Amino acid sequence: MNPRDPALDGELDTPRSARPVPTQAHSPGGRIEVVCGSMFSGKTEELIRRVKRALYGRQKVQAFKPRIDDRYDATRIVSHGSIAIEAVPVATSESLLRRVEDGTQVIAIDEAQFFDRGIVEVCDELANQGRRVILAGLDQDYLGRPFPPMPDLMAIAEEVTKVRAVCTVCGGSASHSQRIIQQASTVLVGGSECYEARCRGCFRPRDVRPGEA
């Protein structure tokens with residue numbers, strides 16, 4: 001009797017470590033959508049537009065915002081153009097997850113860059129449950145650097161929409177947020193009194209001194 005050849009039996013075709021490993025089943029239909037861009041680019045308006053379409057479709061929606069963002073309203077998501085929807089303010093990603101109700105189909109999260117890094121795992125978990133998660137946030141900080149946790153959220157999203165503002169200097173397409181007050185912290189909640197939209201050519205990635213534009 002001839003000795004058995006493992007190669008002929010197919011045992012050497014696939015390394016043992018590379019063989020398929022059973023994975024946990026995910027509920028169908030879940031997805032993550034990220035809307036990102038600079039200040040004044042319409043991120044929140046696009047988030048609200050998608051939420052309203054879901055409501056028109058009779059879907060159960062919950063909206064959340066970081067508690068530190070109370071510029072226009074403490075319990076509503078409000079765009080710079082004064083378009084608003086009701087929202088639950090939360091301090092952490094864990095708090096957000098605890099407040100998601102059974103039966104909620106769509107979860108909207110504004111100013112996602114202000115959340116802790118746990119928001120990435122939370123959104124992934126919610127999408128794996130079959131829910132649609134829509135996030136809006138700044139993709140870059142005031143120095144033009146990637147703004148965590150947005151890069152990780154963009155990486156796991158099924159859909160990423162980058163929106164643009166209008167440069168306040170030249171009128172071109174703006175993708176940067178120019179800080180116009182002297183403040184070195186990465187997180188600074190503010191509006192037109194603190195920031196301007198700038199294109200790449202007009203953006204100055206540095207801390208701003210008093211009197212500088």
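Any read-out appearing in this document is the output of simple, stated calculations on the displayed coordinates, not a laboratory observation. These figures come from a predicted structure and were not determined experimentally. Don't worry about glycine lacking a Cβ; one is built from the backbone with ideal geometry, like all the others, and counts go over all protein chains shown.
Summary of computed values
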quantity: Residue that is farthest from GLY201 (Cα to Cα) [pool: residues in the range 148-159 that are of a type in the set (A, V, I, L, M) and surrounded by fewer than 16 Cβ atoms within 10 Å (Cβ to Cβ)]; calculated: ILE156
quantity: Residues (within 11 Å of GLY137 (Cβ to Cβ), out of contact with any His (no Cβ under 8 Å at 6 or more places or on another chain) and assigned to a helix (DSSP H, G or I)) located in the range 37-61; calculated: LYS43, LEU47
quantity: Flag for VAL120 being under 10 Å from the mean Cα position of the chain (by Cα) and assigned to a helix (DSSP H, G or I); calculated: yes
quantity: Residues within the range 145-180 that are assigned to a loop (DSSP other than H, G, I, E, B) and among the β-branched types (Val, Ile, Thr), tallied; calculated: 3
